Amino acid sequence: WPDPWLSLNPNFASGGTITDLVAEGLMQPDCERIFRLKDDGPEGSVLRLHQHQREAIEAAHADRSYVLTTGTGSGKSLAYIVPIVDRVLAAKVAGTYRPGIKAIVVYPMNALANSQLGELRKFLTIGYPDGPPVRFDRYTGQESAQDRARIIADPPDILLTNYVMLELVLTRPRERGLIDAARNLQFLVLDELH
């Protein structure tokens with residue numbers, strides 16, 4: 001048996017800040033306003049990234065697929081949320097934005113989807129009283145019939161779901177609107193891939 005390995009609070013290599021990536025032309029300037037520590041309001045400090053997050057953002061910017069494996073609490077979610085938000089913003093700036101789902105994020109449990117929904121609310125609604133610059137919603141089976149109908153009628157840019165609900169969406173005729181809305185899908189994220 002190998003000797004046990006114990007690590008408390010590992011240090012990850014620095015990947016710079018969102019400001020650095022904007023200055024390098026890897027991200028849209030609005031990302032600097034969005035990705036801040038907003039616990040005390042919209043003017044919190046800009047996020048500092050780990051190297052693995054930066055590498056994921058660079059891969060997405062180059063239209064390459066990637067798999068990220070790293071420990072709990074290492075910011076895996078930002079490694080896909082930042083590129084998704086950046087891509088939607090870039091389309092708006094370029095005038096190529098079309099309504100519809102650009103990203104489907106699939107979680108193994110509703111608790112993870114709910115947690116990420118809270119993070120997206122923090123980044124994309126605090127400081128945006130006229131509405132988020134990138135629209136998002138959860139479609140996991142927890143929603144009311146009225147909310148499901150609203151999401152089908154006006155799909156968000158980012159759809160958070162789970163494996164079971166994604167399969168149901170693919171097979172239920174009444175949810176065909178979500179399939180049609182995902183015709184220009186750019187990101188399919190499998191969070192917690194096992």
Candidates Pro155, Pro173, Pro129, ranked by Gaussian network fluctuation over the chain, Cα under 10 Å, top entry: Pro129
Longest segment of the chain lacking chymotrypsin sites (Phe, Trp or Tyr not before Pro) that sit in a DSSP loop with at most 16 other Cβ atoms within 10 Å: 98-194
In nm, spacing of pseudo-spin labels at Ser144 and Glu167 (7 Å Cα→C-beta vector): 2.9
Relative counts (whole %) of C-alpha pair distances in the chain, using bins that are 5 Å wide: 1, 7, 15, 19, 20, 16, 11, 6, 3, 1, 1, 0
Rounded FRET efficiency, nearest 0.05, which uses the C-beta distance separating Arg98 from Leu68 and R0 of 30 Å: 0.60
Three-way shape label, the stretch 111-151, alpha-carbon gyration tensor, a/c 1.5: oblate
Value of Rg to Rh for the stretch 9-69 (Rh from inverse mean 1/r over Cα pairs, i.e. Kirkwood): 1.00
Most fluctuating residue given options Arg98, Arg36, Arg172, as computed from a GNM of the chain linking Cα atoms under 10 Å: Arg172
Under the span-like rule (Cα at least 18 Å along the axis, Kyte-Doolittle mean at least 0.5), DSSP H helices of the chain: 76-94
Accessible surface of the chain [probe 1.4 Å, protein heavy atoms]: carbon and sulfur percent: 53
Label point 7 Å beyond Cα of Arg174 along Cβ direction - residues of the stretch 87-127 with amide nitrogen under 19 Å: none
Fluctuation leader among Glu24, Glu55, Glu32 - the chain, Gaussian network, Cα springs under 10 angstrom: Glu24
For the stretch 88-194, radius of gyration divided by Kirkwood radius, i.e. Rg to Rh on alpha-carbons: 0.95
Inter-part distance where the stretch 83-147 and the stretch 148-194 are each reduced to a Cα centre, Å: 12
Net charge dipole size for the chain [Lys, Arg +1 and Asp, Glu -1 on Cβ; Debye, nearest 20]: 520
Residue-normalised accessible area of the chain, expressed per residue, 1.4 Å probe, Å²: 57
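The values are calculated or read from the model by the stated rules, or taken from the named source; none is laboratory data. What you see is a predicted model; the values in this text were computed from it and never measured. Because the Cβ atoms are built from the backbone with ideal geometry, glycine has one as well, and the counts that use them run over all protein chains shown. Note: accessible area is taken over every heavy atom of the protein model, side chains too, but ligands, DNA and RNA are not part of it. Shrake-Rupley method; radii C 1.70, N 1.55, O 1.52, S 1.80 Å.
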